[in-house]
Structures are given as C-alpha cells and as structure tokens.
Amino acid sequence: MTYFSRRSMLAAALAAGSPFTAFGQARFEPTKPVRIVVPFGAGGATDILARTLSEKLTRAFGQPVLVENRAGASGIIGIGEVARAPADGHTLLVTNTALLQTPLMDNKVAYEVSSFTPVAQLSLSPLVFSVNPKVPAKDMNEFLALARAQPGVLTYGSAGTGQTLHLMGEILTRSTSVKLNHVPYKGEAPLINDLIAGHVSSGFSSIAVARQHIKSGTLRPLAVVAPARSSLMPNVPTMKEAGLNGFEVMSWFGLFAPAGTPKAIVDAVHREVANVLRMPDVVTRLEDLALNPVTDVSPAEFQRIVTNDYAAWGKIIRDAGVKPTQ
C-alpha cells in the first residue's frame, strides 16, 4: 500500500487546480475582469458600496473588478441580467432588499429569489424620512396634519415601485389614512435630487445618501426608520417615537452570485469581501455614510436571513394592502 504525505497530497491538489489553498481555504482566481452589477443608477448607497468593494477586490483578485450600473424597471433589468449570467464568479450583484420585494410585487418578474446564491451580507443601514425645507412641517405629526388638510397634494418619492422606500411610503399612507402621491425614480440619487429641488415633497431614503444634504440644510429629517435613534443624527426621533408602528425594519445590502455558483467560489469571494469590510479605511468610509459593515455573517447564515426576510416582506406587503401587478 502506498502512503502519501499531507504535503504531497496538497501539492498534487494544487497542481490539479484544486479550489483550496494549503490552509484548506477556498480561493477564487478569476481569468477575466469581474463584473459587479448594480441595478440602480450611480450615486446611491448601493452604488457607493459596490464601488468601495471594487477598488479593494481588484487587488485581491488580480483582475479588474468593474461596477456596471444597470438601472431601470425598479431594479429588474440589472437583477435579471445577473440571474442569467454564468455561475462562475465573474458576474456578481450588489443590491438591497429590492431583490426580495420585487418578485412579491410583480408576477411577471423573470427571476426568483432562488435565482441567486447569497455570498455576503455587506451592511445594515437605517432609513430616514425627509422633506423639502419648503414643506411647513417640523415633525411627523405636523407633516401628517398637513397631508390630511391637503389630501393628494403632497408627494413622496421612492427609488422604484415595489422597493423598500416605496413600501415604507405605502405603510405610512395606509397606517395613517393620509393621501400622498407616489413618484417612483430609477434609483435613490435621482430621488434625492428631485427632493432637494422640491419636485417631490418628501421621501424615505438611506441615511447614507441623505446625510450630507441634511447637514447642509437642503433636506429636513422628520424621523428615522430603525429600532433606535441613529448616532449620526441623535436629535431625529424614530418613527416609533413619533407614534407610528411598523417601521422598525432595517434595510440591508448584500452581494449575490447566480444560482449554482460553486460553494468554493462563494466561500472564497465571501472571505475576500469580509477582509475588505474589516479594513480601517473602508470601515471609516462606510460608517461616515451610515453604512454599518457586516463581517460575521456566513453565506449560509445570509441565506437564512434572505429566506426569513422574504417571508417578512411578504407579510408587510399583504398587511399594507399593496397588490402585485399581474
């Protein structure tokens, strides 16, 4: 009987192209540029996060990691493109909870949540409800009173129909019986631009995108959507403090690969992404944007979060009375 040493076995495995390093960790060595698809326009929180990753992963992978914005149809265009991509690690998706909400809202969407393999939960981010400063409301009670006095006059913008920012608006209008007209945009950045310009009266957004405009006074925050006040704007009350329930949800951002991507590649990409999110300069950059990096959630744990949140968003949509399009 012939015996092989551990060293010789590892050498043979590496020579044969095994996806494992000498320390038993999966590795990913892309053979061409890696695409990170963002299903929204440039400038939003999802885009900022993807571009932060791309710079660092380019060095880790030894290949360019390119961010491609594929905005349109509430994220369906970009998300669907990744669902159809080869499951070889060269095409990835950075998105938010819209991935779960859109199939619940549109029966014609050409993908399902099962079309993707969760790779890494990237960050958690509270939301903020803001108004244009010309709106004469200093808090949520004043805003709701104004909306009741002028039914259908005030508007709220979102980053697209059926996404988190839209659903928060639906919950707000249905739980308070106020009438606000919904104005969907192709991403968070154009929403914020029109909110600043006064083309829409109000809107939910990530603190990451709204914070600088709140600091400059071009937006007025009325409440944050989170279990507790944000350390970045401690004087802004939560929706619950304002007397409104159902707004404790935290929005997350995640990295996904097409379904069927080998576990070795998923684990390798996850490890590199976690390393990036631990880098001090990345932590500082993301925390300045109110994006709290997540590094301790494995791909399997993220899969459980996705499954549970999909069920939770389904309940929110049903309870809010939002009907999916046929």
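Miscellaneous remarks
- When every residue of segment 91-107 is checked against the conditions, at least one turns out to be without any contact (Cβ under 8 Å) to a residue 40 or more places away in the chain and within 17 Å of the chain's Cα centre (by Cα).
- Matching option when the condition is in contact with a Gly (Cβ under 8 Å, 6 or more places away or on another chain) and under 30 Å from residue 288 (Cβ atoms), among 185, 111: 185
- Near pairs, Cβ below 8 angstrom, 6+ apart or cross-chain, from segment 164-182 (at negative phi) to any residue that is among the polar types (S, T, N, Q) and assigned to a helix (DSSP H, G or I): 164/101; 167/101; 179/173; 180/173
- Among the residues listed as 54, 123, 130, the single one being among the polar types (S, T, N, Q), free of Cβ contacts under 8 Å to residues at least 60 places away in the same chain and open to solvent by less than 20 Å² (accessible area, probe 1.4 Å): 54
- The condition of being under 14 Å from the mean Cα position of the chain (by Cα) and either surrounded by fewer than 20 Cβ atoms within 10 Å (Cβ to Cβ) or within 27 Å of residue 205 (Cα to Cα) (or both) does not hold for residue 77.
- Subset of segment 92-109 that is open to solvent by less than 10 Å² (accessible area, probe 1.4 Å) and outside any helix (DSSP H, G or I) - its residue that is modelled with the lowest pLDDT: 97
- Among all residues of segment 62-71, there is none that is under 29 Å from residue 178 (Cα atoms) and not aliphatic (A, V, I, L, M).
- Scanning segment 276-316 for residues that are open to solvent by 60 Å² or more (accessible area, probe 1.4 Å) and part of a loop (DSSP other than H, G, I, E, B), we see that the one that is nearest to residue 98 (Cα to Cα) is 296.
- Segment 57-74 - residue that is assigned to a helix (DSSP H, G or I) and of a type outside the set (A, V, I, L, M) and, of those, most open to solvent (accessible area, probe 1.4 Å): 59
- Breaking point among (1) over 18 Å from residue 44 (Cα atoms); (2) out of contact with any Pro (no Cβ under 8 Å at 6 or more places or on another chain); (3) surrounded by 18 or more Cβ atoms within 10 Å (Cβ to Cβ), for residue 260: (3)
- One residue stands out in segment 47-66 among those that are among the β-branched types (Val, Ile, Thr) and within 16 Å of residue 120 (Cβ to Cβ): the one that is modelled with the highest pLDDT, namely 65.
- Considering residues of segment 135-180 that are modelled with pLDDT of 95 or more and of a type in the set (S, T, N, Q) only, the residue nearest to the chain's Cα centre (by Cα): 155
- Filtering segment 41-51 to residues that are touching a strand residue (DSSP E or B) at 6+ places or on another chain (Cβ under 7 Å) and touching a residue at least 60 places away in the same chain (Cβ under 8 Å) leaves 41, 42, 45, 46, 47, 49.
- Failed criterion for residue 59 (all others in (1) in contact with a strand residue (DSSP E or B) (Cβ under 6 Å, 6 or more places away or on another chain); (2) within 14 Å of residue 272 (Cα to Cα) hold): (1)
- Residue identified as within 20 Å of residue 45 (Cα to Cα) and of a type outside the set (Ser, Thr, Tyr) among 221, 227: 221
The values are calculated or read from the model by the stated rules, or taken from the named source; none is laboratory data. Because the structure is a prediction, the values reported are computed rather than measured. Positions of Cβ are generated from backbone atoms using ideal geometry, with glycine treated the same way; all protein chains shown enter the neighbour counts. All accessible areas refer to the heavy atoms of the entire protein, side chains included, with ligands and DNA or RNA removed. Shrake-Rupley method; radii C 1.70, N 1.55, O 1.52, S 1.80 Å.
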